[in-house]
Amino acid sequence: MEAPPLIGRFAPSPTGTLHLGNLRTALASWLSVKSRGGRWIVRIEDVDRPRCDASVAEAQVRDLAALGLESDEEVIWQSRRDERYRDALERLHEGGHLYPCACTRKDLQRLASAPHLEDGLRPYDGACRSHAWQGFDAALRFHLPEGEVAWDDLALGPQCDDPAALTGDPLLFRRDGVFAYHLAVVVDDGDQGVTEIVRGADLRSVTATQMRLQEALHLSRPAYAHLGLVTAPDGSRLGKRGGATGLDALRARGVRVEDAIGWLGFSLGCLDHPEPCRAEDLIRRFDWSRVPPGEIRIPESLA
Ligand code: GLU
């Protein structure tokens, strides 16, 4: 049987300007597939509508294009794909994987946003597992099967997690009609034929949970790479003050796009020193075995 075409993706949530850490992830996902003749797509993860802004998404796509990273397919928006998510919920229900959950609204609030490390994941204890099915008017959780999940991470090497201990049964749907990040990301990667997912190490801990969901939906498992986070020169997280290292802010401080790409390429092990270049110059130099593991600090010149 022929191997499926290699398809990578970058899937930002439009909640803020792409900072250097996000741009590094985007570049790595692009280089990884382009260095092996694959295709690369951008997807806007705006399933959490109230926290997302279309103009932010458009600026993200523009910033990626400024780096030379253009989607090989039409950019898709999660906010337009409710039908696909509902269809997946129906399939999960038919397979006996869902149960209604009576947790309070406060518990359910952040379901549509990707749970990054700083959100302090609390595993759900399965308190509502015995509840009888009441249809799609209830909040719905995915019943995680027992046991560990192993994968060979392109960036981190062999990994093994027990998703029940890390996240517990994830919520996939809220009574008011909001679909969860976990559901949307898995359904979209499946629909788009994504074979490789490169993202920040802060999402490593939800990977096994998403793999269980892929299994329940009979989707094939993509390869994963979780990149070490990029921090400010003092080691603090870029997340909160990310805009300060976005392309516009860098340009305003006189940093050229090719300088930023040079540092990103260096940080990914493609260059011995940061030197100005274009993304396409890095394609033939990219190799996962040279990508340094662990966190990386940006230099003062880019901070
Ligand atoms: N949309 C998520 C975020 O921006 C990323 C999800 C993923 O790459 O799987 O945090």
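For region 15-38, the criterion of being touching a residue at least 40 places away in the same chain (Cβ under 8 Å), over 29 Å from Arg297 (Cβ atoms), surrounded by 22 or more Cβ atoms within 10 Å (Cβ to Cβ) and within 14 Å of the ligand (Cβ to nearest atom) is satisfied by no residue at all.
Taking region 211-232 on its own, how many of its residues are basic (Lys, Arg), crowded, with 20+ Cβ neighbours inside 10 Å and assigned to a loop (DSSP other than H, G, I, E, B)? Adding up the residues that qualify gives 0. Only one of the listed residues (Asp153, Asp189, Asp161) is among the charged types (D, E, K, R), surrounded by 23 or more Cβ atoms within 10 Å (Cβ to Cβ) and at pLDDT 95 or above. That residue is Asp189.
In this structure, does Ser79 turn out to be over 18 Å from Leu213 (Cα atoms), in a loop (DSSP other than H, G, I, E, B), hydroxyl-bearing (Ser, Thr, Tyr) and touching a helix residue (DSSP H, G or I) at 6+ places or on another chain (Cβ under 8 Å)? In short, no. Note on region 238-260: residues that are surrounded by fewer than 17 Cβ atoms within 10 Å (Cβ to Cβ) and modelled with pLDDT under 90 amount to 4. Restricting Ala208, Ala184 to residues that are more than 12 Å from the ligand (Cβ to nearest atom), at pLDDT 95 or above and in a helix (DSSP H, G or I) narrows the list to Ala208. Cys52 satisfies every condition listed in (1) over 21 Å from Ala201 (Cα atoms); (2) free of Cβ contacts under 8 Å to residues at least 40 places away in the same chain; (3) more than 12 Å from the ligand (Cβ to nearest atom) except (3). Among residues of region 130-151 being in contact (Cβ under 8 Å) with a residue 40 or more places away in the chain and charged (D, E, K, R), the one that is nearest to Tyr99 (Cα to Cα) is Arg141. In region 97-105 there is no residue that is modelled with pLDDT of 95 or more and within 16 Å of the ligand (Cβ to nearest atom). Being of a type in the set (Lys, Arg) and surrounded by fewer than 16 Cβ atoms within 10 Å (Cβ to Cβ) is not true of Arg204. Among the residues of region 179-227, those identified as hydroxyl-bearing (Ser, Thr, Tyr) and within 13 Å of the chain's Cα centre (by Cα) are Tyr181, Ser205, Thr207, Tyr224. Is it fair to say Asp46 is touching a strand residue (DSSP E or B) at 6+ places or on another chain (Cβ under 8 Å), within 13 Å of the ligand (Cβ to nearest atom) and of a type in the set (Asp, Glu)? Considered against the rule, which asks whether it is touching a strand residue (DSSP E or B) at 6+ places or on another chain (Cβ under 8 Å), within 13 Å of the ligand (Cβ to nearest atom) and of a type in the set (Asp, Glu), Asp46 comes out as yes.
The values are calculated or read from the model by the stated rules, or taken from the named source; none is laboratory data. Keep in mind it's a predicted model, so treat the numbers as computed, not measured. Every residue, glycine among them, receives a Cβ derived from its backbone with ideal geometry; neighbour counts consider all protein chains shown.
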